[in-house]
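The values are calculated or read from the model by the stated rules, or taken from the named source; none is laboratory data. This structure is a prediction, so every number in the text was calculated from the model and none was measured. No Cβ is skipped: glycine too gets one built from the backbone with ideal geometry, and neighbour counts run over all protein chains shown.
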């Protein structure tokens with residue numbers, strides 16, 4: 001009986017883990033992504049927090065607030081002088 005209860009608890013933890021992992025404030029996740037990009041040497045880019053239902057063809061690099069919002073990445077074009 002104890003083994004059965006233990007198995008149920010383990011199964012419940014595996015089922016709930018993804019839900020807990022996705023609930024993160026957008027500004028916190030945006031800062032984490034920004035730090036990773038800068039560590040890789042990325043420059044001239046924009047990260048934007050967008051409601052999930054308004055994402056079109058943007059490149060999504062993160063999901064936050066329980067999936068309500070997405071963080072999008074856009075590479076900015078560098079103007080060259082002639």
Fill in the blank from the handout: For residue 26, the lone unmet condition from (1) farther than 20 Å from residue 77 by Cβ; (2) touching a helix residue (DSSP H, G or I) at 6+ places or on another chain (Cβ under 9 Å); (3) exposed (fewer than 14 other Cβ atoms within 10 Å of the Cβ) is (3)
Completion exercise
Exactly one of 47, 37 is closer than 26 Å to residue 79 by Cα, at pLDDT 70 or above and touching a helix residue (DSSP H, G or I) at 6+ places or on another chain (Cβ under 8 Å), and that residue is 47
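Results for (1) more than 14 Å from residue 25 (Cα to Cα); (2) assigned to a strand (DSSP E or B), shown as yes or no for each residue.
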position: 37; (1), (2): yes, no
position: 46; (1), (2): yes, yes
position: 50; (1), (2): no, yes
position: 53; (1), (2): yes, no
position: 61; (1), (2): yes, yes
position: 74; (1), (2): yes, yes
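Each row is one residue, and each column tells you yes or no for (1) at pLDDT 90 or above; (2) at positive phi; (3) part of a helix (DSSP H, G or I); (4) more than 20 Å from the chain's Cα centre (by Cα).
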{"residue": "4", "(1), (2), (3), (4)": "no, no, yes, yes"}
{"residue": "9", "(1), (2), (3), (4)": "no, no, yes, yes"}
{"residue": "17", "(1), (2), (3), (4)": "no, no, yes, no"}
{"residue": "41", "(1), (2), (3), (4)": "yes, yes, no, no"}
